[in-house]
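Here is the structure we will look at.
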Amino acid sequence: MKRFLIIAVLIVSSFVSQAQELKWHTDVSDAAKIALEQKKPLMMFFTGSDWCGWCIRLQKEVFHKPEFAKWANDNVVLVELDFPRKTQQSEELRNQNYSMQQMFGVTGYPTIWFVNPVQKEGKKVNLDALGNIGYERGGPEVWISKSNKILNK
């Protein structure tokens with residue numbers, strides 16, 4: 001019995017550490033550089049972290065699951081573009097997030113845009129939109145499946 005319990009604890013802690021290893025970037029320029037180096041698209045998560053119920057639900061049902069952590073680490077560079085009501089943000093971060101919201105026409109939360117950063121002349125990077133998704137009922141398997149369809153276009 002003790003042996004089984006130890007194995008179960010190790011498996012659970014492995015899943016928890018996997019989910020905690022996710023790196024959510026807040027600077028789009030830095031994330032784009034990383035995405036270019038890793039040859040991965042950006043996954044831009046537009047959220048209202050401290051007030052949006054559907055955003056919180058998406059995080060609990062999908063983003064905090066080990067299946068998502070593995071998929072995200074293998075396939076995308078994560079970017080969080082937050083629009084909180086209670087939490088203070090720097091003016092620079094707030095301006096960047098609103099600029100991205102305007103660029104992608106985001107009118108509701110949660111909205112996730114998948115984009116490919118493309119290096120142009122000099123240091124300029126364009127963001128080519130692949131498609132978007134929001135909350136999807138069904139947990140990580142359903143969400144990942146629909147996201148893969150966007151990424152495989």
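Remarks
- Selection within the range 96-153 - assigned to a strand (DSSP E or B) and without any contact (Cβ under 8 Å) to a residue 40 or more places away in the chain: V118, N126, D128, A129, G131, N132, I133
- Scanning the range 103-136 for residues that are acidic (D, E), over 17 Å from F68 (Cβ atoms) and either within 18 Å of the chain's Cα centre (by Cα) or buried (at least 17 other Cβ atoms within 10 Å of the Cβ) (or both) returns a single hit, D128.
- Of all residues in the range 56-63, none are closer than 15 Å to V125 by Cα, out of contact with any Lys or Arg (no Cβ under 7 Å at 6 or more places or on another chain) and in a helix (DSSP H, G or I).
- Residue within the range 20-29 that is surrounded by 17 or more Cβ atoms within 10 Å (Cβ to Cβ), at pLDDT 95 or above, part of a helix (DSSP H, G or I) and not aliphatic (A, V, I, L, M) present: no
- Evaluated against (1) at pLDDT 95 or above; (2) under 17 Å from the mean Cα position of the chain (by Cα); (3) on the phi < 0 side of the Ramachandran plot, E37 falls short on exactly one condition, (2).
The values are calculated or read from the model by the stated rules, or taken from the named source; none is laboratory data. Note that this is a predicted model, so its numbers are computed, not measured. Neighbour counts are summed over all protein chains in view; Cβ atoms, including those assigned to glycine, are modelled from backbone coordinates with ideal geometry.
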